Amino acid sequence: MSFPKKFLWGGAVAANQCEGAYNEDGKGLCTQDVTPHGIVGPRTEEPTPDNMKLVGIDFYHRYKEDVKLFAEMGFKVFRTSIAWSRIFPNGDEETPNEKGLQFYDDLFDECHKYGIEPLVTISHYETPLHLAKTYDGWVNRKMIGFYERYVRTIFARYGKKVKYWLTFNEINSVLHEPFLSGGIYTEKDKLSQQDLYQAVHHELVASALATKIGHEMMPDAKIGCMILSMPTYPLTPCPDDVIKTMESVHKNDFFGDVHVRGYYPGYMKRYFRENNIEIKFEPGDSEILKNTVDFVSFSYYMSICETADPAHVKGKGNLMGGVPNPYLEASDWGWQIDPQGLRYVLNYYWDRYQKPLFIVENGLGAVDKLVEKDGVMTVEDDYRIDYLQKHLLQVEEAVEDGVDVMGYTSWGCIDLVSASTAELKKRYGYIYVDRNDDGTGTLNRYKKKSFYWYKDVIATNGESL
Ligand code: BGP
């Protein structure tokens, strides 16, 4: 068994979780600047010092050092996002911020210096705050126009430097975290299903429009969607559980289905009918949706179970809950670890879509301890190596099953601020960053044991697994 020859090995981050410099060089405020405690806490009116994302890991100033370390590991690809609020500080102005544009020019140049291909998420859990407050984010159709201006700007600027693009990070997560994912300012519990799904429609149209424009402006580009994948198993073989599982899987498949097939699936139309949701389509929307993606990318951390029995309590999950699986262990944050689920989901998407697949997030969030070994500071993160190895072996199985897998970028290849909890103590990286949740730390970088392990995996194209 082996990985494809041109397999894109690498790592992934998102601007708002690592860059810091939240108010430098003309950047506007974004939704992340007012969520000091991630999705677990309330948002604030202004940025507050307890918000770890304001400094992040200072990637904005230290990216050269970091990209060099990625290159040392042998990365072929580096996934990051562009902070929309660096390019259009308010989101609805006509002229972009040149200093923001320059930063990503420099970052992508730095990647190319080492032969690393950037993989860019256009919108990763970051919306200019002004758009959230003034327009209620994606609930408002005007967002399509603002997003269009933004993508035209970045495609024109980086079209020669960036080949791989993702339109929205975990686009399906807006159903669970409307503010974080969709810049929707209305409180979650006050948001109607009507408005929520109308926002989804606007994002889907915007995503297809970006794909169309991208193909026109950059004929060699590959543009993909990005889905939060969470294989969902029936808790029991009871047909009620099986059907309930199918229905909950449909809620997620809706996003991939529209991106790949180019139209709304029947099961969703039924859901809308039965829940009195009427999606407003403007003339031309159906045509735009036909601009389908080149590949399907997704995050994978865990699987969940579903049951029709309301007596079961939901467990903790990656944004969406789920009934715990009695056969699986969980991480310190309650995310159930299921390497085989990755083979399952790869086969599932391949069977469903017959499009190349890209695993753009996977990894273990854990508490790491910096120790001295042979005079060098490091982290002995065998638990992380174990997690990643087991998952990568399942990727290999899927390749053997005949699935077309383009690449793998593990999440948080360098420690960064967690999206759900906004903590730094939940670490994913191969590189340890000395920064703590009380704001202390030198911000120095240290290679963990997994750094050398991953370097070896890449160098041998997976043979060393
Ligand atoms: C995904 C997000 C990422 C990332 C990851 C890990 O949902 O796309 O931004 O952070 O999950 O989650 P967390 O940071 O909450 O551990």
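Out of the residues in region 199-214 meeting the condition of being of a type outside the set (D, E, K, R) and closer than 20 Å to Val360 by Cβ, tell me which one is surrounded by the most Cβ atoms within 10 Å (Cβ to Cβ). Filtering region 199-214 for residues that are of a type outside the set (D, E, K, R) and closer than 20 Å to Val360 by Cβ, the one surrounded by the most Cβ atoms within 10 Å (Cβ to Cβ) comes out as Ser207.
When restricted to residues that are in contact (Cβ under 8 Å) with a residue 60 or more places away in the chain, charged (D, E, K, R) and either outside any helix (DSSP H, G or I) or surrounded by 24 or more Cβ atoms within 10 Å (Cβ to Cβ) (or both), region 129-148 contains 1.
Residues checked against (1) surrounded by fewer than 19 Cβ atoms within 10 Å (Cβ to Cβ); (2) at pLDDT below 95; (3) in contact with a helix residue (DSSP H, G or I) (Cβ under 7 Å, 6 or more places away or on another chain):
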position	(1), (2), (3)
Gln389	yes, no, no
Glu400	yes, no, no
Gly407	no, no, no
Val417	no, no, yes
Tyr428	no, no, no
Asn436	yes, no, no
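Taking every residue in region 393-419 that is among the β-branched types (Val, Ile, Thr) and pairing it with any residue that is in a helix (DSSP H, G or I) and within 12 Å of the ligand (Cβ to nearest atom), at least 6 positions away or on another chain, the pairs with Cβ-Cβ distances below 6 Å are Val417/Gln17; Val417/Met52; Val417/Lys53. Is at least one residue of region 360-374 under 27 Å from Tyr348 (Cβ atoms) and touching a His at 6+ places or on another chain (Cβ under 6 Å)? Within region 360-374, one or more residues are under 27 Å from Tyr348 (Cβ atoms) and touching a His at 6+ places or on another chain (Cβ under 6 Å).
Checked against (1) within 16 Å of the ligand (Cβ to nearest atom); (2) buried (at least 17 other Cβ atoms within 10 Å of the Cβ), Asp332 passes all but condition (2).
Of everything in region 416-437 that is touching a Phe, Trp or Tyr at 6+ places or on another chain (Cβ under 7 Å) and within 11 Å of the ligand (Cβ to nearest atom), the residue that is farthest from Phe298 (Cα to Cα) is Lys426.
Among (1) more than 30 Å from Val293 (Cα to Cα); (2) among the aliphatic types (A, V, I, L, M); (3) surrounded by 19 or more Cβ atoms within 10 Å (Cβ to Cβ), there is one condition Leu370 misses while meeting the rest; what is its number? Unmet condition: (3). Looking only at region 418-465, residues that are among the acidic types (Asp, Glu) and closer than 30 Å to Lys6 by Cα come to 2 in all. Cβ-Cβ distances below 7 Å connect the following pairs, each with a first residue in region 21-50 that is more than 18 Å from Gly91 (Cβ to Cβ) and within 16 Å of the ligand (Cβ to nearest atom), a second residue that is among the hydrophobic types (A, V, I, L, M, F, W, C) and not in a loop (DSSP other than H, G, I, E, B), and a separation of six or more residues or different chains: Ile39/Leu180. Restricting attention to region 335-376 and to residues that are within 16 Å of the ligand (Cβ to nearest atom) and among the small types (Gly, Ala, Ser), the residue that is farthest from Phe78 (Cα to Cα) turns out to be Gly341.
Here Gly183 meets each of (1) over 15 Å from the mean Cα position of the chain (by Cα); (2) surrounded by fewer than 21 Cβ atoms within 10 Å (Cβ to Cβ); (3) within 16 Å of the ligand (Cβ to nearest atom) with one exception, condition (2). Within region 379-398, one or more residues are in contact with a Ser or Thr (Cβ under 7 Å, 6 or more places away or on another chain), under 24 Å from Glu65 (Cβ atoms) and within 15 Å of the ligand (Cβ to nearest atom). Please specify each residue of region 41-98 satisfying the condition of being farther than 20 Å from Leu166 by Cβ and of a type in the set (Gly, Ala, Ser). Once the filter is applied, which keeps residues that are farther than 20 Å from Leu166 by Cβ and of a type in the set (Gly, Ala, Ser), region 41-98 yields Gly41, Gly56, Ala71, Gly74.
Screening Gly402 on (1) within 16 Å of the ligand (Cβ to nearest atom); (2) assigned to a loop (DSSP other than H, G, I, E, B) shows it passes everything except condition (1).
The values are calculated or read from the model by the stated rules, or taken from the named source; none is laboratory data. What you see is a predicted model; the values in this text were computed from it and never measured. Cβ: placed from backbone, ideal geometry, glycine included. Neighbour counts: every protein chain shown.
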